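One structure below.
We did not get these values from a lab; they are worked out from the coordinates using the rules stated. Predicted, not measured: the structure shown is a model, and the values here were computed from it. No Cβ is skipped: glycine too gets one built from the backbone with ideal geometry, and neighbour counts run over all protein chains shown.
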Amino acid sequence: MKHRIVVLGAGYAGAYVAGNLARRLSPADTEITVVNAEPDFVERLRLHQLAAGQEIEARKLADVFAGTGIRLRLARVTAVDPERQVVAVADADGGGELGYDTLFYALGSHGDDCGVPGAAEHAFDIAGRPSALRLRERLDSLDRRGEAGSVLVVGDGLTGIETATELAESRPRLSVVLIARGELGARLSAGARGHLRQACDRLGITVLEHTSVEAVEATRVLCADGTALASDATVWTAGFAVSPIAAAGGLEVTENGRIVVDRTMRSVSHPNVYAVGDSAYAIGDNGRPLPMSCASAGFTGLQATDAIVGRLTGRKIANTKLLYPGNHISLGRRDGILQMVDDEAQAKPKYVGGRKAARVKAGILKMSLWSISHPTFGLPKRKRRRVAAAPDASAEKAVA
Ligand SMILES: Cc1cc2nc3c(=O)[nH]c(=O)nc-3n(C[C@H](O)[C@H](O)[C@H](O)COP(=O)(O)OP(=O)(O)OC[C@H]3O[C@@H](n4cnc5c(N)ncnc54)[C@H](O)[C@@H]3O)c2cc1C
């Protein structure tokens with residue numbers, strides 16, 4: 001019987017893992033199924049551009065995986081049962097259960113309203129495509145009515161900064177306000193902070209620092225100091241959260257629901273389960289948890305793939321790098337910041353700003369999309385590995 005590998009989620013981590021497995025394992029011994037809720041690969045890194053009104057070409061997952069042997073199941077995962085080794089899915093036909101021998105959990109994350117009253121009901125987020133499109137529709141409707149409109153972007157993390165600058169550049173009639181709880185861009189170096197401030201000035205963005213939003217209403221937000229700020233659209237970018245599915249299934253998770261994994265991305269509670277990307281709580285080479293990021297999706301995906309290929313084929317499992325190289329922040333289409341970080345993930349004084357940084361970021365986006373769109377590029381089929389006689393992901397005998 002073939003070893004059944006089920007990959008949950010076809011975002012940056014899941015699509016990468018599925019493609020990597022398909023090119024490294026023989027289809028004679030393994031069956032790879034990817035479950036994803038949406039039919040397209042969603043370029044999350046560009047959702048602020050989508051919200052701003054730019055056209056982002058969507059890649060059909062059916063095309064991405066065509067000819068790879070990977071089965072695609074378009075369905076929503078509703079539960080995992082690691083004791084019975086099944087996943088429950090729901091689709092237009094009612095759904096059902098999928099059995100697995102090895103599970104890769106890569107369901108990513110969604111916007112976190114942080115429990116702030118009214119944020120879930122009244123604010124927009126851009127952590128997923130449907131919500132980014134809702135924001136875009138709201139901004140288009142202001143445009144159609146001939147209203148300039150005011151947008152409040154809550155949160156000055158990377159997503160908030162990218163969103164505020166993109167909206168201000170693409171829709172210059174909008175009045176954009178960026179709300180930071182502390183100093184703007186506090187995690188950047190002094191030089192990069194200065195660059196960011198200049199970019200906000202150039203784009204006409206009002207920056208409110210040391211401001212904490214306590215409640216969101218339909219047409220305004222309320223701040224901790226009692227101020228009420230009028231808003232035609234409030235964009236909530238104050239963090240990401242993960243689905244409760246892993247915790248509900250009994251997998252060992254952190255307080256905020258991320259799956260706790262070992263150095264090989266294997267669940268510490270269920271050895272047949274691997275977690276990658278935003279869903280995984282993985283410790284990087286610097287001894288700190290890897291942040292939710294595209295880079296972490298790639299590094300955890302590569303390590304998890306190496307681990308399962310090693311365990312199934314009896315080959316040595318390499319310790320691949322688990323790094324966070326730095327922040328690549330777009331400030332509209334013609335400006336950006338590349339902030340280098342040290343081993344402790346703290347900003348180094350060195351940064352690159354301006355057009356060069358924008359070009360590097362554009363290159364990174366292109367490269368990520370290319371690697372997802374060419375899942376079996378790199379190795380001729382004849383180099384695919386055969387699975388050892390008794391394919392059992394949990395069998396320690398195969399572990400190097
Ligand atoms: C606007 C924006 C800009 C960003 N910019 C950067 C950046 O510049 N650099 C950077 O490193 N990171 C950036 N990030 C973060 C980055 O996008 C994430 O860290 C990355 O997408 C994580 O990859 P993932 O595969 O874990 O999750 P995702 O890419 O989110 O993939 C998860 C997949 O699972 C599917 N899914 C979810 N739930 C279910 C379910 N119940 N059933 C079936 N399918 C499901 C989703 O449809 C999706 O396809 C940005 C994020 C946003 C929102």
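Give me the distance in nm between label points sitting 7 Å out from Cα along the Cα-to-Cβ direction at M340 and S175, one decimal.
4.2
Could you tell me the calculated FRET efficiency between A186 and M1, based on Cβ-Cβ distance and R0 = 56 angstrom, to the nearest 0.05?
0.55
Sort the following peptides by mean Cβ neighbour count (other Cβ atoms within 10 Å, averaged over residues), highest first: 299-312, 63-76.
So the order, starting with the most tightly packed, is 299-312, 63-76.
May I ask for the distance between the Cα centers of region 180-208 and region 59-85, given as a whole number of Å?
One Cα centre to the other: 41 Å.
GNM on the chain, C-alpha springs below 10 Å: top fluctuator among A233, A15, A248?
In this elastic network of the chain, the residue with the biggest mean-square fluctuation among A233, A15, A248 is A248.
May I ask for the distance between the Cα centers of region 262-303 and region 138-158, given as a whole number of Å?
36
How much length is gained on full extension from A248 to E97, taking 0.36 nm per residue of separation minus their Cα-Cα distance?
Fully extending the segment from A248 to E97 adds 52.7 nm.
In sequence order, what are the phi-derived ³J(HN,Hα) couplings for region 319-329 according to the Karplus relation 6.51 cos²θ - 1.76 cosθ + 1.60 with θ = phi - 60°, rounded to whole Hz, with x for glycine and proline?
8, 7, 5, 10, 10, 10, x, x, 9, 10, 10
Mind checking the full-extension length gain between T227 and E255? Use 0.36 nm per residue of separation minus the Cα-Cα distance, one decimal, nm.
6.8 nm
Just to check, using Stokes-Einstein with a Kirkwood Rh over alpha carbon pairs, what's the diffusion coefficient of region 119-236 at 10 °C and 1.306 mPa s in µm²/s?
110
How much FRET efficiency would the formula 1/(1 + (r/R0)^6) give for R134 and V268, where r is the Cβ-Cβ distance and R0 is 41 Å, rounded to 0.05?
FRET efficiency, R134 to V268: 0.60.
Would you list M265, M1 from fewest to most Cβ contacts within 10 Å?
Least to most surrounded, the residues fall as M1, M265.
Give me the number: length gained by fully extending R144 to A28, i.e. 0.36 nm times residue separation minus the C-alpha to C-alpha distance, one decimal in nm.
Separation in residues times 0.36 nm, less the Cα-Cα distance, equals 36.1 nm.
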